[in-house]
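Derivation of every value follows stated rules applied to the coordinates shown; laboratory data play no part. None of these values were measured; they are calculated from a predicted model. Glycine also receives a Cβ, built like all others from the backbone with ideal geometry; neighbour counts cover every protein chain displayed.
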Amino acid sequence: MSTHDVEVKIEGTCDESFAPIREAFAENFRSRGDVGAAISVTVDGRTVVDLWGGDAAPGRPWERDTIVNVWSSTKGAVALAAHMLIDRGLLDLDAPVARYWPEFAAAGKDAIPVRYLLSHRAGLCGAREEITIDDLPDWHKVTSILAATEPWWEPGTESGYHALTFGYLVGEVIRRVSGRSVGRFVAEEIAGPLGAEITIGLTDAGIARCATLSMDPPPPDSANAAMFAQLHPAALAALMNPSMAAPAAADIGNNDAWRRAEIPAANGHATARGLATMYALLAQGGQHDGVRLLGPAAAERVREGQGATVDVVLGIGNGGLPSEWALGFLLSGDQGILGPNPRAFGHGGYGGSFGMADVEARASLGYVMNHMGNNLVGDPRQVALFDALYECL
C-alpha cells in the first residue's frame, strides 16, 4: 500500500493559529507526492510549527531527528558563512576573487569580484572540462578546473544559476580566508552556535539518521527534451556536467561517498528545524535566541538585489520570466516565488526542499522531504506551504 492510500500520521507540534500549515503539510502526503517530510516555522524567533511524518526509508518512520540531503538548500548556509567573513572585515564583496585565490585570475577572470560569485553572475555556472560524479568529492581537482575555466558570458552582465559550482567557488574563497573548509566553518560558526542541524559532510552517525531519497522519472513525453534543446550551452554545462537527471539523482544522493564528501552547493543534510533556525537568524536582523552571527547592516545586505534578469539556467523552467538574485539568496520578487512579500528571500533545493526568511514578518520556514519532485521551480508542495504560511501571518 502506498503513502497515498493511507492517512499519514503527523507528529510534532503546531500552534492552533498556524493550523492551515499543518493541513497543507498533511495534504502534501495525500495528493502532492510526499513520502517522508518535515516542516518548521518560526515567528519572532519562536517555533510555532514543528511537524514531521511519513517514511524516512521503506519500513522506517520519519523521526524528530531524521536528516535528509537538501541539495541546493545547502547554498543558504554557504552564503551565510561568506557574509559572516564580510561582516568581520576579512572578505570584501567588491574585491577581486583573485585577491584571495590567485589561481582564479586565469582565463581573463582577474577582475571578477566576490559579489559576482554570490549572485550567480560570474559566468562560471559550469566547467568547460568534463567533471564526473566521482570527481565531486575531490576538492582540489574541481576548484583547480574552475580556476582555469573561461567564463561563459561577460561577468556581471547576466545571471546564470551556478548549480554545483557555487559551492566550490564561494567555498574556496571561504577556505582561503578562514583557513577552514566550508563544511567545518558551517559546523563551528553556524550550526554549533545556533544549535541548528545543518551539516556538509556526514559522519557514520549522521548517515544512520539519514532519510533515503526517491524520485519519479520525468514525464514520458518530449517536453523535457524540447526544453533542454533550447538551453544555452552554459545552462547545459550547469545542469549536465556532471548529469544528475531524474531519477538517477536520488541514487547519487543515497551513496555514502556522496554523503561523506563536502559538496557545498548540493550535499548538505539538514532537518526542517535546522533550516528554519538558520533563517530565523536572518529574519531577526542577524541574531536568534541570544546568538548573534551578523550585525544588523550585514543581515540586511544578504537580501540586496543584484538586478532582475532572465536567468541563463533557470529561465526556461521559470517560463522565461525575470528573477533576481540577492547575495547568495533568491528574492521572492514581483513573481512571488517565495510568497507575496517581494523582499522575502531564501534558497530551495533540487526536488523540493527550501528555507526562507521574511524580515518584515520576522518569520522563517524550513521544509525538507525525501521524495524529489521534477520541477525546476514552483514545486506544488512549496507553493501550498507558502500560501498556508501567509494565510496565518
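Label segment 126-224 by shape, choosing from rounded, prolate and oblate, from the square roots a ≥ b ≥ c of the eigenvalues of the Cα gyration tensor; if a/c is under 1.5 it is rounded, and otherwise prolate applies when a/b is larger than b/c, oblate when it is not. All intermediate terms of the calculation are to be shown ahead of the outcome.
Numbers: a/c = 1.90, a/b = 1.13, b/c = 1.69.
The shape class here is oblate.
For the chain, what does -39500 (n - 2.57) per DSSP helix run (n ≥ 4), summed and divided by total residues, give at 222 nm, in deg cm²/dmol to the nearest 500? Numbers along the way, then the final one.
Values: 15 runs with 127 residues, N = 393.
Computed ellipticity for the chain at 222 nm equals -9000 deg cm²/dmol.
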### Summary
Rg from C-alpha atoms of segment 3-392, normalised by the globular rule of thumb 2.2 N^0.38 Å, equals 0.91
### Computed over segment 53-154: relative contact order in percent, which uses C-alpha pairs under 8 Å that are six or more apart
21
### Task
Taking the Cβ of LEU282 as the centre, find all other residues whose Cβ is under 14 Å away and add up their charges (Lys, Arg: +1; Asp, Glu: -1).
-1
### Summary
The size of the Cβ-based charge dipole (Lys, Arg +1; Asp, Glu -1) of segment 3-392 about the Cα centre, to the nearest 20 debye, is 720
### Task
Taking the Cα centre of segment 315-393 as origin, work out the dipole magnitude from +1 charges on Lys and Arg Cβ and -1 charges on Asp and Glu Cβ, in debye rounded to 20.
160
## Note on the structure
Projecting the Cα atoms of ILE174, GLN284, ALA196 onto the charge dipole of the chain, where Lys and Arg contribute +1 and Asp and Glu -1 at Cβ, the residue farthest towards the positive end is ILE174
### Query
Does segment 195-314 come out rounded, prolate or oblate, given a ≥ b ≥ c as the square roots of the eigenvalues of its C-alpha gyration tensor, rounded meaning a/c under 1.5 and, failing that, prolate meaning a/b above b/c?
oblate
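Give, as a single signed number, the net charge of other residues whose beta carbon lies under 15 Å from the beta carbon of ALA245, with Lys and Arg counted +1 and Asp and Glu -1.
Numbers: positive: none; negative: ASP216, ASP251.
Charge balance near ALA245 sits at -2.
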### Message
Of PHE29, SER40, ALA81, which is farthest towards the positive pole of segment 1-82's charge dipole, taken about the Cα centre with +1 and -1 on the beta-carbons of Lys, Arg and Asp, Glu respectively?
### Response
ALA81
### Summary
In debye to the nearest 20, the charge dipole size for segment 9-71, taken about the Cα centre with +1 at each Lys and Arg Cβ and -1 at each Asp and Glu Cβ, equals 180
### Query
Of PHE329, ALA147, GLY53, which is farthest along the charge dipole of segment 3-392 in the positive direction, counting Lys and Arg as +1 and Asp and Glu as -1 at C-beta?
ALA147
### Cα centroid of segment 280-333 to Cα centroid of segment 101-146, whole Å
22
### Task
Quick one: compute the contact order of the chain, relative version, from alpha carbon pairs under 8 angstrom and 6+ residues apart, as a percent.
24
